[in-house]
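Input: a single structure, listed below in structure tokens.
The values are calculated or read from the model by the stated rules, or taken from the named source; none is laboratory data. None of the values given here were measured: they were computed from a predicted structure. For neighbour counting, all protein chains shown are included, and Cβ atoms are generated from backbone atoms with ideal geometry for every residue, glycine included. Just so you know, the surface numbers come from the protein's heavy atoms only, side chains and all, with ligands and any DNA or RNA stripped out. Shrake-Rupley method; radii C 1.70, N 1.55, O 1.52, S 1.80 Å.
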Amino acid sequence: MLLCSTVQHSQRSVRTVTRIVPAVAASLCALLPAAATAHHSFAAVFRMDTVTEIEGRVTDVQWVNPHIKIHVAGSDGQSWEIEAGPVNLLSRMGIEKNMIEVGATIRVRGNPGRRDAHALWVSNILLPNGTELLAAPGAQAHFGSTTVGDATDFFVAGDLKLPDGSERSFFRTWSPLISAFPRPRGTPALTDEGRRAQARYESGEQVVGDCEVPGMPYAMMSPYPIEIVDQGDGQLLIRGEAYDLTRDVHMARPSGAREPSPLGLSVGRFSGDELVIETSGIDYHSYGDLGPAQSKESRVVERFKLSADGLTLDYAITVTDPVMLAEPWAWGGSFIYREGAEIRPWSCGADRG
């Protein structure tokens, strides 16, 4: 849950409260929005240890991936840009664009921007009818008792079972929980060149465009479903909901040279209960929005391990990059099979309201 709660300090239409939260709570507050959106490094963009409340009139609602934006004019004339997670997140939580009407007066609670004091990463929205929108995974009711916004499926696996008569298979739609979505395990050890290249990311500025499909392995860092498809003829396809990701996996190395690309050339094989995929030829600038930098010598080995009951897919990644990394870097996570899970269109930048 979001633990960035506060005691209020009143200042007309804007109430700003500062409280430095414990390290564990701050880490969780930073993790949840980063997980939901995949691109932004939110701790660098928003002050996750500070909460601001504002009240004002809605002037515009941009219902787009990867970041919903709500523009609010405060009663003191100040304009605010309220940022939320993707449409695909809020719609799964039961929150839709038509709930937030242009012209309505709303109250908003969230974390202010580090550089733009009038930007806000939202957790709670109070509508004129008294309904409170819990607009971030883990947000708790703050303004009232009638709430909309259920993120349970992002945290709790629930009762899992395979379809009747179905056998274990890799070829399903798989969902991660927020606690287990793929991400780095530990801080990378950088070479001298890696430390020099890191300077590009020290400013905290976003270096991955909002609608840019990241390179490997960053492309797999998402809390949204993936699907593994057997296309026949020695070809697999990995689809990811975030950024409408599509990855071709060859079960035998293709002949001839291939041009490097952000997703690289992926060659797979089955080894018992594991699907092992080795990716090379990656041409991408970084392993994340705040680095470290990535070279063309980067290689990624993924291991998808199917559980005995066929309901869980453990996911381990090993990254080697002799130019930027002083030693192999481990990433990982896990997925669950959840009946009815689906890959929804991302349609980045298009209004989905």
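Sites listed here are GluC sites (Glu not before Pro) in region 102-197 whose DSSP assignment is loop and whose Cβ has at most 10 other Cβ atoms within 10 Å: E167. Once the Cα-Cα distance is subtracted from the 0.36 nm per residue extended length, the E167 to D309 segment shows a gain of 50.2 nm. Take the Cβ atoms of Q78 and A157, set R0 to 56 Å, and the FRET efficiency comes out at 0.85. Taken over the C-alpha atoms, region 172-313 has Rg and Dmax values of 15.9, 47 angstrom.
For region 44-142, applying the loop criterion from DSSP together with a ceiling of 13 other beta carbons within 10 Å to the trypsin sites (Lys or Arg not before Pro) yields R115. Between the alpha-carbon centres of region 212-263 and region 89-121 there is a gap of 33 Å.
For region 120-198, trypsin sites (Lys or Arg not before Pro) meeting the loop criterion (DSSP other than H, G, I, E, B) and having at most 16 other Cβ atoms within 10 Å: K161, R168, R185. Shown here: mean projected area of the Cα convex hull in nm², derived from the displayed model; of the candidates (i) 21.2; (ii) 20.3; (iii) 19.2, it corresponds to (iii). Computed over protein heavy atoms with a 1.4 Å probe, the accessible surface of region 227-353 works out to 45 Å² per residue.
Within a straight-line Cα-Cα reach of under 18 Å, K305 can be paired with the following aspartates and glutamates, leaving aside sequence neighbours fewer than 8 residues apart in one chain: E167, E227, D230, D273, E274, E278, D314. Based on alpha-carbon atoms, the Kirkwood radius and the radius of gyration of region 277-353 give Rg/Rh equal to 1.08.
A 1.4 Å probe run over region 42-106, with the rest of the protein chains in place, finds 33 Å² accessible per residue. Seen against the Cα atoms of the chain and their longest principal axis, helix 23-37 is set at about 70 degrees. Taking a point 7 Å from the Cα of D150 along the Cα-to-Cβ direction, the residues of region 68-107 with backbone N closer than 11 Å to it are 93-94. Counting Cα-Cα pairs of region 309-353 in 5 Å increments starting at 0 gives whole-percent bin shares of 5, 14, 13, 11, 12, 15, 14, 11, 3, 0.
Lysines near K69 by alpha-carbon distance under 16 Å, same-chain residues fewer than 8 away left out - which ones? Qualifying lysines at Cα under 16 Å: K97. Between the residues S307, L90, S175, the greatest Cα displacement towards the positive end of the dipole of the chain, with unit charges on the Cβ of Lys, Arg, Asp and Glu, is found for L90. Between amide H atoms placed 1.01 Å from N, distances below 5 Å from R114 occur with F46, R47, all of them 5 or more places distant or on a separate chain. Ligands, DNA and RNA left out, the 1.4 Å accessible surface of the chain is 48% carbon and sulfur atoms.
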